[in-house]
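The values are calculated or read from the model by the stated rules, or taken from the named source; none is laboratory data. All values derive from a computational prediction rather than experimental measurement. Quick reminder, even Gly has a Cβ in these numbers, built from the backbone with ideal geometry, and neighbours come from all protein chains shown. With ligands, DNA and RNA removed, areas are computed over all heavy atoms of the protein, side chains included. Shrake-Rupley method; radii C 1.70, N 1.55, O 1.52, S 1.80 Å.
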Amino acid sequence: RILDNNNQAPISRVIEGIYWAIDNHVNIINMSFGTEENSEALHRAIVDAYDAGILIVAAAGNTCAEVEYPAAYPEVVAVGSVDSTGNIASDSAKADEVELVAPGEKVKSTGGFGGSVICSGTSMAAPHVAGVAALLWQQDMTMPSGFIREALDKCANKYSSKKEYGNGLIDVE
């Protein structure tokens, strides 16, 4: 976790977290945040994690248009959001970089003091993809991250627009 109590972090803390993940041989990094700023240092850290064999999943953003960083980098699985009927969420990023979509509207999550909250957005969708990736990977931990990424892409349920749905809606079965 790199975000503070206000759900914010400077890029330097994000980079530090990525290198911690590399040093600790993490298999999957989920980044449920985004920024419009393209950072050369952040991209270098993403490339280093990718080269270390880490599957990187990130929220595409709630901009309705362009995919935010780090999801916009080609080394990252950019995740858009769908509602309970499988329709693209109205504020989910819709661009060529969207690779997969997952449930992201009105998702029950943990809240403060042991309670729960209902949240929406691509930040809620990205962990679904990371979770499915973890379930796939545990079947054979010798498989490279690229194989897991391709399996996610090929097994997704295809819908209409590739720009909105990318390779489709994740399917754990």
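Can you pull out the residues in segment 67-106 that are within 16 Å of HIS128 (Cβ to Cβ), hydrophobic (A, V, I, L, M, F, W, C) and either touching a Lys or Arg at 6+ places or on another chain (Cβ under 9 Å) or open to solvent by 10 Å² or more (accessible area, probe 1.4 Å) (or both)?
VAL77, ILE88, VAL98
Does segment 114-172 hold any residues that are surrounded by fewer than 18 Cβ atoms within 10 Å (Cβ to Cβ) and of a type in the set (Lys, Arg), and which are they?
Within segment 114-172, LYS154, LYS158, LYS162, LYS163 qualify.
For segment 40-50, name all the residues that are open to solvent by less than 10 Å² (accessible area, probe 1.4 Å) and out of contact with any strand residue (DSSP E or B) (no Cβ under 8 Å at 6 or more places or on another chain).
ALA45
What tally of residues in segment 85-121 results from selecting those that are at pLDDT 85 or above, among the hydroxyl-bearing types (Ser, Thr, Tyr) and closer than 30 Å to ASN5 by Cβ?
Going through segment 85-121 one residue at a time, the tally reaches 2.
So in segment 62-74, with the set limited to residues that are in a loop (DSSP other than H, G, I, E, B) and under 13 Å from ASN38 (Cβ atoms), which one is modelled with the lowest pLDDT?
The first filter runs over segment 62-74 and keeps only residues in a loop (DSSP other than H, G, I, E, B), leaving 62-68, 70-74.
Checking the rest, the ones that are also under 13 Å from ASN38 (Cβ atoms) come to 66-68, 70-74.
Details: GLU66: 89, VAL67: 93, GLU68: 94, PRO70: 96, ALA71: 96, ALA72: 96, TYR73: 97, PRO74: 97.
Selected residue: GLU66.
Identify, from the list PHE113, PHE147, the residue that is farther than 17 Å from ILE170 by Cβ and not in a loop (DSSP other than H, G, I, E, B).
Going through PHE113, PHE147 in turn, the sole match is PHE113.
Which numbered condition in (1) within 26 Å of TYR165 (Cα to Cα); (2) part of a loop (DSSP other than H, G, I, E, B); (3) at pLDDT 95 or above; (4) open to solvent by 40 Å² or more (accessible area, probe 1.4 Å) is the only one that GLY53 fails?
That leaves (4) as the condition not met.
Would you check if THR110 is open to solvent by 80 Å² or more (accessible area, probe 1.4 Å), in contact with a Ser or Thr (Cβ under 7 Å, 6 or more places away or on another chain) and either of a type outside the set (A, V, I, L, M) or farther than 19 Å from ILE28 by Cα (or both)?
Criteria met by THR110.
Exactly one of (1) in contact with a strand residue (DSSP E or B) (Cβ under 7 Å, 6 or more places away or on another chain); (2) free of Cβ contacts under 8 Å to residues at least 60 places away in the same chain is unmet by PRO10. Its number?
Of the numbered conditions (1) in contact with a strand residue (DSSP E or B) (Cβ under 7 Å, 6 or more places away or on another chain); (2) free of Cβ contacts under 8 Å to residues at least 60 places away in the same chain, the odd one out for PRO10 is (1).
Can you tell me which of ALA58, ALA45 is out of contact with any His (no Cβ under 6 Å at 6 or more places or on another chain) and part of a strand (DSSP E or B)?
ALA58
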